[in-house]
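The values are calculated or read from the model by the stated rules, or taken from the named source; none is laboratory data. Everything numeric in this text was worked out from a predicted model, so none of it was measured. Quick reminder, even Gly has a Cβ in these numbers, built from the backbone with ideal geometry, and neighbours come from all protein chains shown. The protein model used for the area step is the full one, side chains on, heavy atoms only, and it has no ligands, DNA or RNA in it. Shrake-Rupley method; radii C 1.70, N 1.55, O 1.52, S 1.80 Å.
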Amino acid sequence: MSVPQFLHRIETFIADNRLLDKSAPVIVGVSGGADSVALLHVLNRLGYSCIACHCNFNLRGEESLRDRNFTCDTVREWGVTFDEVSFDTLSYARENSLSIEMACRRLRYDWFEEKRRQYGAQAIAVAHHRDDSVETLLLNLVRGTGIAGLTSMRPRNGFVVRPFLPVSRQEIEAYLSEQHLSHVVDHTNLENLYVRNKIRLDVLPLLRTINPSVDRAIYTTMQNLREVERVYRDAIKRQQRDALVRKEGEVRISIDRLRSLPSPRAFLFELLSPCGFVPDQIDEIEAACDGESGRVFLAPEYRVVKDRSDLILIARDKEKEEVGADTDIVATIAEPEEVGSLLAGRLSYRCVDAGNYELPRDKSHACFDLDKLVFPLVIRHWRQGDRFRPFGMRGSRKLSDYFGDCKYSLIDKSQALLLCSGATILWILGERAADGYRITAETKRIIEFNLEFNL
């Protein structure tokens, strides 16, 4: 391919996918390697205002410094703005429990985004090309993936754009040779220490013995799958709109409705994998639909609960799970004031004289004889072994039994809040109040609570 043809393909790809325009600068990630040097040269030649940004991860000793110096000298020779950063990658990876590859990725893209905002840039251009996209597909296949993984890299991901996706590494190297452009070589790319390198150095050469054009064939397949994915995404979106019930803090799906879908497994995968659930867990969750209620499945930030007739997806209360029951107190009234509010204003109270007081009869209110209460009052989550004496009943009963009779789900129980005086439960907020502190003819002062359900 001639240089004019190469430039035309890139320019057409940018225009067709609306990746860039000439209205604002572009952050270009430049390592000093062949791909990034070619990308900066091409974009600069096509008339884009470029800012070359270089990351030194300090992983290869003198070679890292060599790459930095080469990039700085080359970029400034071309009259392009140069910016750089130096990372202590090993410490960052260790402190965040990340692989070196993932640490580099996170550091790089976080810093690129910082530079994009600083310079008012329209996008962050990176030098991924067709071969990288093919390698990513094979890497996703090895690890297990859904249809999104089979479509591999996209021309645009947020502010990150990939103008080189339609061209191969061989075509990029030919462009550099034609333009007499030098670059540095990262020796770790020639070692099969990482999975991606093994695919590049071992797997793809073997596949080329079967089909010399395997790279192009796989890339064409990815483009075809991208069209299929559009149909698939539209179907999943319509199913989610019809099947999911969203409340504040949770998502519910009827198990009967789930079973009626063409592919319950695909539906669960698209719902749960973005929440951190891995494929094996999703298989177990699907199987649990036919089992008893009460099973809980945990991801780092979410959990799924199998209830009687629903699967419930909810964010995990990490602090409570990790620290323990001492964190279950959410609010305290040390001494009553004339009026007050708690729970970010959702629960208010007032102290009034009994006089001609008229008792409210709805579940959002609870009233008690103020002189019978022992302060401080606390609002907390329920605990195993809690007992409760509902208003109008003789004797106490286990709160867990009360929840069962009222058909509370595990999520409902975990979110239930109790107003307590010492060890005594006065009120399940929004539900029944306890006996023993009722207002009588002898009551002189009343404390009235009001819970706002839809604040």
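Tabulated values for the structure
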| read-out | value |
| --- | --- |
| Scan of region 11-48 for residues that are on the phi > 0 side of the Ramachandran plot and touching a helix residue (DSSP H, G or I) at 6+ places or on another chain (Cβ under 8 Å), ordered by number | Gly32 |
| Residue match in region 33-50 (condition: exposed (fewer than 15 other Cβ atoms within 10 Å of the Cβ), touching a strand residue (DSSP E or B) at 6+ places or on another chain (Cβ under 8 Å) and not in a helix (DSSP H, G or I)) | no |
| Unique residue being under 27 Å from Ser213 (Cα atoms) and without any contact (Cβ under 8 Å) to a residue 24 or more places away in the chain when the list is Arg143, Arg156, Arg130, Arg106 | Arg143 |
| Pair list, Cβ under 9 Å, 6 or more apart: region 412-441 residue at pLDDT 85 or above, other residue in a helix (DSSP H, G or I) and open to solvent by 30 Å² or more (accessible area, probe 1.4 Å) | Leu417/Leu343; Leu429/Leu343 |
| Output for region 254-302, where each listed residue is part of a loop (DSSP other than H, G, I, E, B), of a type in the set (S, T, N, Q) and farther than 25 Å from Gly149 by Cα | Ser260, Ser293 |
| Residue in region 403-424 that is farthest from Arg295 (Cα to Cα), counting only those that are in a helix (DSSP H, G or I) and open to solvent by 10 Å² or more (accessible area, probe 1.4 Å) | Asp405 |
| Boolean, Ile10 is surrounded by 15 or more Cβ atoms within 10 Å (Cβ to Cβ) and more than 16 Å from Leu181 (Cβ to Cβ) | no |
| Number of the exception - Asp369 against (1) without any contact (Cβ under 8 Å) to a residue 60 or more places away in the chain; (2) touching a Ser or Thr at 6+ places or on another chain (Cβ under 8 Å); (3) of a type in the set (Asp, Glu) | (1) |
| Residue match in region 98-106 (condition: closer than 25 Å to Pro25 by Cα, open to solvent by 50 Å² or more (accessible area, probe 1.4 Å), of a type in the set (S, T, N, Q) and under 23 Å from the mean Cα position of the chain (by Cα)) | no |
| Complete set of residues in region 73-82 that are surrounded by fewer than 18 Cβ atoms within 10 Å (Cβ to Cβ) and either in a strand (DSSP E or B) or of a type in the set (Ser, Thr, Tyr) (or both) | Thr81, Phe82 |
| Those helices (runs of 4 or more DSSP H) lying entirely in region 148-253 with at least 3 residues modelled with pLDDT under 90 and surrounded by 18 or more Cβ atoms within 10 Å (Cβ to Cβ) | none |
| Residue within region 298-318 that is open to solvent by 70 Å² or more (accessible area, probe 1.4 Å) and free of Cβ contacts under 8 Å to residues at least 12 places away in the same chain present | no |
| Identity of the residue in region 375-397, part of a loop (DSSP other than H, G, I, E, B) and farther than 24 Å from Arg346 by Cβ, that ends up most open to solvent (accessible area, probe 1.4 Å) | Arg394 |
| Hits in region 107-139 - residues which are buried (at least 20 other Cβ atoms within 10 Å of the Cβ) and either of a type in the set (Phe, Trp, Tyr) or in a strand (DSSP E or B) (or both) | Phe112, Ala123, Ile124, Ala125 |
